[in-house]
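Novice: Below you will find the structure I want to go over with you.
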Amino acid sequence: MEYHNPVLLQESVDGLAIKPNGIYVDVTFGGGGHSKEILKRLGPDGKLFAFDQDEDALANALQDERFVLINENFRHLKRFLRFNGVKSVDGILGDLGVSSHQFDVPERGFSTRFDAELDMRMSQKNDLNAYKVVNEYDDVNLKRVFLDYGELKSAPALARTIVEAREVHPIKTTDALKDILAKFLPEKVRNKILAQIYQAIRIEVNQEMDVLKEFLEQSLEILKPEGRLSVISYHSLEDRLVKRFMKNGMFEGEPEKDFFGNFSVPFKTVGKLIIPNAAEIKLNNRARSAKLRIAQKK
Ligand SMILES: C[S@@+](CC[C@H](N)C(=O)[O-])C[C@H]1O[C@@H](n2cnc3c(N)ncnc32)[C@H](O)[C@@H]1O
């Protein structure tokens, strides 16, 4: 089975405005689709560093002298680039979220299609997993996860139902979780609600929102002036953070004004929001929720 079919491939790499001798980073290597396209556009003296926290992605490493793959979380972007002797870069690409491979391997527990142990870790080194979230989080914390990351109106009732059920037996598998929550999953909206529940648990397990913030802040620090940031996100929580950061250089509040009364912001946004066209979505259903934003450091 194919590891991952890259989304918005040309558009996101175009967004990097690649300089043949530049240094670039692909922080979400996966099956390497975007990395291969970046390497195509780099000259012999260019350099590409890629990150993926999933050990499975290492099998896709590209045999190319200009390429280095780092098996770490991109929240440590600055640290591991420095470790490789790099303090600043010309462009950074992020294609957030989960790869098709991660969805397709039943044991990883990401997909609503299979029964599996409650896992959902993107990195095998992660201490937190879905079992711990479901079985050890208190009522208040569970409610927060479903509300903040699943945007589920029924979050309080979902949390209460889980807490009551696990008093009888620990909840060990995704099917057990689905059974316990059956009354919240009427046939008509079952897939939608399940997707929201899984998304919420997955974001918590992988601390995706905190990690994304750390990544964006570090990107700003290490990009050279006129360096490009190209980010594809797959749900509104991510996209909101990316949009605000590219616009204001911060996640909340308003940036300061300069001497002339203009907002002092670190990026210039490049073009408008880009979404896949109908032809791409037809070929690759996973592309349907993708949103690409591009910015250039001032
Ligand atoms: C959507 S896939 C990327 C696919 C890739 N662009 C391609 O063309 O094959 C996201 C990948 O990023 C990795 N990933 C997600 N969050 C990460 C993080 N915080 N640090 C490092 N890798 C991460 C996942 O393990 C997954 O392999």
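The values are calculated or read from the model by the stated rules, or taken from the named source; none is laboratory data. Treat the numbers as computed from the prediction; the structure is a model and nothing was measured. Using ideal geometry, Cβ is built from the backbone for each residue, glycine included, and neighbour counts are taken over all protein chains shown.
Novice: Being within 12 Å of the ligand (Cβ to nearest atom), among the aliphatic types (A, V, I, L, M) and not in a loop (DSSP other than H, G, I, E, B) is the filter here, so list the residues in segment 23-32 that pass it.
Specialist: 25, the sole residue that qualifies.
Novice: Consider segment 272-298. How many of its residues are in contact (Cβ under 8 Å) with a residue 60 or more places away in the chain and of a type in the set (Gly, Ala, Ser)?
Specialist: The number of residues fulfilling the criteria is 3.
Novice: Continuing with the same structure: Within segment 113-134, count every residue that is touching a helix residue (DSSP H, G or I) at 6+ places or on another chain (Cβ under 6 Å) and more than 19 Å from residue 176 (Cα to Cα).
Specialist: Residues flagged as touching a helix residue (DSSP H, G or I) at 6+ places or on another chain (Cβ under 6 Å) and more than 19 Å from residue 176 (Cα to Cα) within segment 113-134 amount to 2.
Novice: Please indicate, with yes or no, whether at least one residue in segment 88-108 is polar (S, T, N, Q), closer than 25 Å to residue 218 by Cα and in contact with a Gly (Cβ under 6 Å, 6 or more places away or on another chain). Talk me through it step by step, then tell me what you get.
Specialist: Let us first name the residues in segment 88-108 that are polar (S, T, N, Q), namely 88, 99-100, 102.
Applying the additional criterion that residues be closer than 25 Å to residue 218 by Cα yields 88, 99.
Next, from what is left, pick out any that are in contact with a Gly (Cβ under 6 Å, 6 or more places away or on another chain): 99.
Yes, segment 88-108 contains a residue that is polar (S, T, N, Q), closer than 25 Å to residue 218 by Cα and in contact with a Gly (Cβ under 6 Å, 6 or more places away or on another chain).
Novice: Limited to segment 1-22, what total is found for residues that are surrounded by fewer than 24 Cβ atoms within 10 Å (Cβ to Cβ), of a type outside the set (S, T, N, Q), more than 12 Å from the ligand (Cβ to nearest atom) and modelled with pLDDT of 95 or more?
Specialist: 7
Novice: Can I ask one more? Mind listing just one residue for me: the one in segment 38-54 that is more than 16 Å from the chain's Cα centre (by Cα) and not in a loop (DSSP other than H, G, I, E, B) and, of those, nearest to the ligand (Cβ to nearest atom)?
Specialist: 38
Novice: Another question, if that's okay. Step by step: first the residues of segment 56-104, then only those that are of a type in the set (Val, Ile, Thr) and not in a strand (DSSP E or B), then the one that is surrounded by the fewest Cβ atoms within 10 Å (Cβ to Cβ). Which residue is that? Outline the logic, then answer.
Specialist: First, the residues of segment 56-104 that are of a type in the set (Val, Ile, Thr): 68, 70, 86, 89, 92, 98.
Subsequent filtering for residues that are not in a strand (DSSP E or B) retains 86, 98.
Values: 86: 16, 98: 22.
Restricting to residues being of a type in the set (Val, Ile, Thr) and not in a strand (DSSP E or B), the top hit is 86.
Novice: Taking residue 95 and the conditions (1) more than 10 Å from the ligand (Cβ to nearest atom); (2) acidic (Asp, Glu); (3) within 28 Å of residue 194 (Cα to Cα); (4) touching a strand residue (DSSP E or B) at 6+ places or on another chain (Cβ under 6 Å), which numbered condition does it fall short on, given that it satisfies the others?
Specialist: Condition (1) is where residue 95 drops out.
Novice: Please specify each residue of segment 228-255 satisfying the condition of being among the small types (Gly, Ala, Ser) and either closer than 14 Å to residue 74 by Cβ or touching a Gly at 6+ places or on another chain (Cβ under 6 Å) (or both). Show your work before the answer.
Specialist: Applying the first criterion (among the small types (Gly, Ala, Ser)) to segment 228-255 yields 230, 233, 236, 249, 253.
Passing the criteria: 230, 233.
Novice: Look through 35, 88 and report the one residue that is in contact with a strand residue (DSSP E or B) (Cβ under 9 Å, 6 or more places away or on another chain) and either without any contact (Cβ under 8 Å) to a residue 60 or more places away in the chain or within 9 Å of the ligand (Cβ to nearest atom) (or both).
Specialist: Going through 35, 88 in turn, the sole match is 35.
Novice: Something else about it: Go through (1) outside any loop (DSSP other than H, G, I, E, B); (2) over 25 Å from residue 241 (Cβ atoms) and name the single condition residue 35 misses.
Specialist: Every condition holds for residue 35 apart from (2).
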